[in-house]
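Below: one structure, written as structure tokens.
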Amino acid sequence: EERNARTLHEHTGCPRICVTSAEHGAGLLENGRWLWESGRPVPVADTVGAGDAFVAGLLARRLQGAPTGEALAFACRLGEWVA
């Protein structure tokens, strides 16, 4: 995922690239720094809305000023909870 995020950044110039990988977790490339948050096993009832919850959690925490790693972890936990 990191290699693909870096390639996408190089081709587009987008300053932040977020990649989700279902139960494996998610990664975020920001300012050349790659952060990864591992997923946690959860009993999945329905995945509808889990991705939306992830993005909402990530954006909300970053807008509140949380460090990137903390926001990414929160987003993963929120997506897991919704699933």
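Any residue in segment 40-55 that is β-branched (Val, Ile, Thr) and within 19 Å of Thr68 (Cβ to Cβ)? There is at least one residue in segment 40-55 that is β-branched (Val, Ile, Thr) and within 19 Å of Thr68 (Cβ to Cβ).
Within segment 61-77, being surrounded by 14 or more Cβ atoms within 10 Å (Cβ to Cβ) and over 21 Å from Glu1 (Cα atoms) holds for Arg61, Arg62, Ala66. Could you tell me which residue of segment 42-60 is surrounded by the most Cβ atoms within 10 Å (Cβ to Cβ), considering only residues that are farther than 18 Å from Phe74 by Cβ and not hydroxyl-bearing (Ser, Thr, Tyr)? Ranking the qualifying residues of segment 42-60, first place goes to Val44.
Selection within segment 26-41: residues that are touching a residue at least 40 places away in the same chain (Cβ under 8 Å) and part of a loop (DSSP other than H, G, I, E, B). The member of this set that is surrounded by the fewest Cβ atoms within 10 Å (Cβ to Cβ) is Arg40. Taken residue by residue, segment 51-66 has no member that is among the acidic types (Asp, Glu) and modelled with pLDDT under 95. Looking at Glu10, Glu80, Glu23, just one residue is open to solvent by 20 Å² or more (accessible area, probe 1.4 Å), in a helix (DSSP H, G or I) and modelled with pLDDT under 95, and that residue is Glu23.
Residue-level analysis places Glu70 among those that are under 11 Å from the mean Cα position of the chain (by Cα) and without any contact (Cβ under 8 Å) to a residue 12 or more places away in the chain.
The values are calculated or read from the model by the stated rules, or taken from the named source; none is laboratory data. On a predicted model such as this, the values are computed, not experimentally measured, just so you know. Counting neighbours? That spans all protein chains shown, and the Cβs are built from the backbone with ideal geometry, glycine included. Just so you know, the surface numbers come from the protein's heavy atoms only, side chains and all, with ligands and any DNA or RNA stripped out. Shrake-Rupley method; radii C 1.70, N 1.55, O 1.52, S 1.80 Å.
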